[in-house]
1. With respect to the numbered conditions (1) open to solvent by 50 Å² or more (accessible area, probe 1.4 Å); (2) modelled with pLDDT under 85, which one is the sole condition not fulfilled by residue 122?
2. Looking at segment 165-197, which of its residues are open to solvent by 10 Å² or more (accessible area, probe 1.4 Å), aliphatic (A, V, I, L, M) and under 23 Å from residue 143 (Cβ atoms)?
3. Here are 388, 365, 369, 341: which of them is within 21 Å of residue 68 (Cβ to Cβ) and either among the small types (Gly, Ala, Ser) or not in a helix (DSSP H, G or I) (or both)?
4. Can you say whether residue 428 is within 15 Å of residue 303 (Cα to Cα) and assigned to a helix (DSSP H, G or I), as far as the supplied structure shows?
5. Which of the residues belonging to segment 265-315 are of a type in the set (Ser, Thr, Tyr) and either touching a strand residue (DSSP E or B) at 6+ places or on another chain (Cβ under 6 Å) or modelled with pLDDT of 85 or more (or both)?
6. Suppose we filter 30, 23 for residues that are assigned to a helix (DSSP H, G or I) and modelled with pLDDT under 80; which single one remains?
7. Inside segment 125-159, can you point out the residues that are β-branched (Val, Ile, Thr) and crowded, with 19+ Cβ neighbours inside 10 Å?
8. Exactly one condition in (1) under 22 Å from residue 223 (Cβ atoms); (2) touching a helix residue (DSSP H, G or I) at 6+ places or on another chain (Cβ under 6 Å) is not met by residue 372; state its number.
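The values are calculated or read from the model by the stated rules, or taken from the named source; none is laboratory data. Everything numeric in this text was worked out from a predicted model, so none of it was measured. Virtual Cβ from ideal backbone geometry, glycine too; neighbours counted across all protein chains shown. With ligands, DNA and RNA removed, areas are computed over all heavy atoms of the protein, side chains included. Shrake-Rupley method; radii C 1.70, N 1.55, O 1.52, S 1.80 Å.
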Amino acid sequence: MAESLKSKTVKGTLWSSVERFSVQGIMFVVMIIMARMLTPEDYGLVGMITIFVAVSQSLIDSGFSQALIRKQDRTETDNSTVFYFNIAVGAALYTILFLCAPIISDFYGEPQLTPVTRAIGLCIVFNSLAVVQRALLTVRLDFKTQAKATLIGAVVSGAAGVTMAYTGFGVWAIVTQQVVNLALVTLFLWVFSHWKPIWAYSWKSFRELFSFGSKLLASGLIDTLYRNMYLIVIGKVFKASDLGYYTRAHQFSDFASSNITGIFQRVSYPVLCTIQDDDTRLADVYRRLLKVSAFVIFPLLMGLAAVARPLVITFLTEKWLSAATLLVPLCFAGMWYPVHAINLNLLQVKGRSDLFLRLEIIKKALGVAMLCITLPMGLLPMCWGMLANSIISLVINTHYTGRLIHLGFLAQMRDLLPSLALSMAAGAAVHATVTFIPMHPGLALAAGVIEGAAIYSAIARLLRFKEFAELMSIIRRK
């Protein structure tokens, strides 16, 4: 049983990685190409309405996908109930967004936002049609199917976005790329998943799933509002170009942090759910997931911060240079996202969505206070404030983990300290190289990446890091 679980976890992790990094890699390249042709103001306009789409998506999901994954005896009635509920909520939310588009436009003082909001709001409808398909594929750890669907969407939508950017459509190139992507992904999830709803809706099923999912809904809404609150504040207080710099910097840091977080979160949740009643085994698997995720993401984000300037100049040109300054604190904050996610996954696995909600309220209240403190100081201090809040939130998140499986903050930091120390050493060496040795930005970027990877892997191997050996073992087997 243990070997079977390990095998399924490895396979799920690999295919989830393929999906995340192949798709996000394509979209990342598309973003770079489009950013070179578009302006910070174009990206700033889309950033202004991101929060409305993100909040709508949280309401559509309503925590039902996590509730379906956690429920071991789910039925077709459960699945169909969630599906029809999502469609109704998606249609209602798009209608509200469509009608409120002029108000949003007036709030920001950007007339062009009215048609842009109405067009990009279609993403809400497409998302509502695929929640159940994604959840059922995740239950089976079938990330291969999800990878196929998202890869097709990324390639076709990327080609459409680049073509429109090249031909001078401006912000509409970004809108088209996002809408076409979600439309195609939804279509192919329907084609590949082979799941279709039955004509059944059960209020009993709804209440059962919602009793667990409602807390996650509230938590998700709080988290979404908080994460996108910066977009509203920057878009309202600063210029559209400043918001464009912030969103590009955030996308660079997210490429590593959010994608790796998503991989470990998607794979660890269904895996941990299968052993939710065995605390000893749960703690062991949890610690291994935590250490491996940190071993991978700490050096990536530390290295990204070290090469921020040559990276932005090489890929986006000097017109985006202001994004490099913001990228450094965002990378340091993003380092801790996988640790946050795996800690919160444990609360869901143990069925404690009430604690999950309580933690989100506390953390986000502190985050709002941090924003209020740093806002008068400027955009860069706001980003450093995000790092400070991430550390504070980590202490809070680990409190209940310590109570549930006796792995609190200090225990987790002991597990993570070796990877953190090695990442800091490699990052410092890379920063010194790209800062003090005169080189072309492209050459500096290449030198920094090679140097950082060589230092980190060599020392990890020399000191016999178990995480390094485990990753090498997976690579050799696959």
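1. Among (1) open to solvent by 50 Å² or more (accessible area, probe 1.4 Å); (2) modelled with pLDDT under 85, the lone unmet condition for residue 122 is (2).
2. 180, 182, 183, 184, 187, 191 - these are the residues of segment 165-197 that are open to solvent by 10 Å² or more (accessible area, probe 1.4 Å), aliphatic (A, V, I, L, M) and under 23 Å from residue 143 (Cβ atoms).
3. Working: 388 fails: within 21 Å of residue 68 (Cβ to Cβ); 365 fails: within 21 Å of residue 68 (Cβ to Cβ); 369 fails: within 21 Å of residue 68 (Cβ to Cβ).
When all the criteria are applied, what remains is 341.
4. Values: within 15 Å of residue 303 (Cα to Cα): yes; assigned to a helix (DSSP H, G or I): yes.
Judged against the criteria, residue 428 is a match.
5. Step one: of segment 265-315, the residues of a type in the set (Ser, Thr, Tyr) are 268-269, 274, 280, 286, 293, 314.
If the condition is that a residue be of a type in the set (Ser, Thr, Tyr) and either touching a strand residue (DSSP E or B) at 6+ places or on another chain (Cβ under 6 Å) or modelled with pLDDT of 85 or more (or both), then 314 is the only one that fits.
6. Working: 30 fails: modelled with pLDDT under 80.
Exactly one residue qualifies, and that residue is 23.
7. Start the filter on segment 125-159 by keeping residues that are β-branched (Val, Ile, Thr), which leaves 125, 131-132, 138-139, 145, 150, 152, 155-156.
Answer for segment 125-159, where residues must be β-branched (Val, Ile, Thr) and crowded, with 19+ Cβ neighbours inside 10 Å: 125, 131, 132, 138, 145, 150.
8. It fails just one condition, (2).
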